[in-house]
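The values are calculated or read from the model by the stated rules, or taken from the named source; none is laboratory data. Please read all numbers here as calculations on a predicted model, not as lab measurements. Here the Cβ positions follow ideal geometry from the backbone for every residue, glycine too, while neighbour counts run over all protein chains shown. Side chains included, ligands, DNA and RNA excluded: accessible areas come from the protein's heavy atoms. Shrake-Rupley method; radii C 1.70, N 1.55, O 1.52, S 1.80 Å.
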Amino acid sequence: MERIVTKRLVLRALKPSDAAAMFDYAKTDEVGPQAGWTPHKSVEESANILNYMIRTNEVWGITTRDNDTLIGTIGLHKDEDEKSTFRSLGYVLHPAYHGQGLMTEAVKALIVYAFEQTNIDIIGCGHFTDNIASQRVIEKCGFIYQKNIEKDFNLFGFKVRKTCAEYEITIDMYKENKLLWQQH
Ligand SMILES: CC(C)(COP(=O)(O)OP(=O)(O)OC[C@H]1O[C@@H](n2cnc3c(N)ncnc32)[C@H](O)[C@@H]1OP(=O)(O)O)[C@@H](O)C(=O)NCCC(=O)NCCS
């Protein structure tokens, strides 16, 4: 997994020893439910999710440049229903680091990596319509709105129907205006 360095962040491979740091944000009510999952109840639960992410090799750990402690994750996920050059972007960040433009910085760097270094030609991304912070990240990163869809999630043991707004960036859009993504 390629290591990606931005002005303030390092995106690196996840490792089993990240479990406690992951639990520190995954246990909070501000993170998981906004991304469609129930907060983790134990470090063991975080360790299991972490091991799954390590196996699938689609998710980077986010750290700051001066401290290797995990503060979030960002991933480019394969979707079985889509052609193989499509990836779906997902991300979460520890609440202590919200509101500093960090996820926008990480997303832009991953877009540059995907279109410059891999054969990916479309990146999709979505947010719950009530998740304004994620909507802003998606807008600031130049994604183009496609449609709203309804999806079911299991949250706190209940089936919840949520409206998701879906967006895309194509490699052609990227090539036409690279500076939008490369200035970070
Ligand atoms: C979404 C998330 C990753 C954003 O990370 P971040 O580093 O704080 O994002 P940025 O600082 O780059 O941008 C956040 C933007 O949202 C805005 N924002 C945050 N909360 C807001 C709110 N309640 N109402 C309006 N705007 C809000 C900020 O002002 C900022 O926009 P601006 O630059 O125009 O001022 C972070 O909030 C998070 O981890 N949330 C929980 C998990 C999640 O939602 N994941 C995404 C699932 S789709």
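Of all residues in the stretch 34-86, those satisfying the criterion of being among the basic types (Lys, Arg) and free of Cβ contacts under 8 Å to residues at least 40 places away in the same chain are Lys41, Arg55, Lys78, Lys83.
Checking each residue in the stretch 26-75 for being more than 16 Å from the ligand (Cβ to nearest atom), of a type outside the set (Val, Ile, Thr), under 23 Å from Cys125 (Cα atoms) and touching a Pro at 6+ places or on another chain (Cβ under 9 Å) picks out only Leu50. Residues that are away from the ligand (no atom under 13 Å from the Cβ), modelled with pLDDT of 95 or more and open to solvent by 40 Å² or more (accessible area, probe 1.4 Å) do not occur anywhere in the stretch 97-110.
Among the residues of the stretch 121-136, which ones are aliphatic (A, V, I, L, M) and surrounded by fewer than 17 Cβ atoms within 10 Å (Cβ to Cβ)? If the condition is that a residue be aliphatic (A, V, I, L, M) and surrounded by fewer than 17 Cβ atoms within 10 Å (Cβ to Cβ), then Ile132, Ala133 are the ones that fit.
The single condition among (1) under 19 Å from Val107 (Cα atoms); (2) exposed (fewer than 14 other Cβ atoms within 10 Å of the Cβ); (3) within 18 Å of the chain's Cα centre (by Cα) that Gln183 does not meet is (3).
Quick grid of which residues meet (1) over 23 Å from Cys141 (Cβ atoms); (2) open to solvent by less than 10 Å² (accessible area, probe 1.4 Å); (3) in a loop (DSSP other than H, G, I, E, B):
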residue: Trp37; (1), (2), (3): no, no, yes
residue: Asn48; (1), (2), (3): yes, no, no
residue: Ile54; (1), (2), (3): yes, no, no
residue: Arg87; (1), (2), (3): no, no, no
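Scanning the stretch 111-136 for residues that are more than 14 Å from the ligand (Cβ to nearest atom) and part of a strand (DSSP E or B) yields a single hit, Ile122. Of all the residues in the stretch 86-96, those that are within 8 Å of the ligand (Cβ to nearest atom) and not aromatic (Phe, Trp, Tyr) number 5.
Looking only at residues in the stretch 137-149 that are within 11 Å of the ligand (Cβ to nearest atom) and touching a residue at least 12 places away in the same chain (Cβ under 8 Å), the one that is most open to solvent (accessible area, probe 1.4 Å) is Lys140. Among the numbered conditions (1) open to solvent by 60 Å² or more (accessible area, probe 1.4 Å); (2) touching a Lys or Arg at 6+ places or on another chain (Cβ under 6 Å), the only one that Leu76 does not meet is (1).
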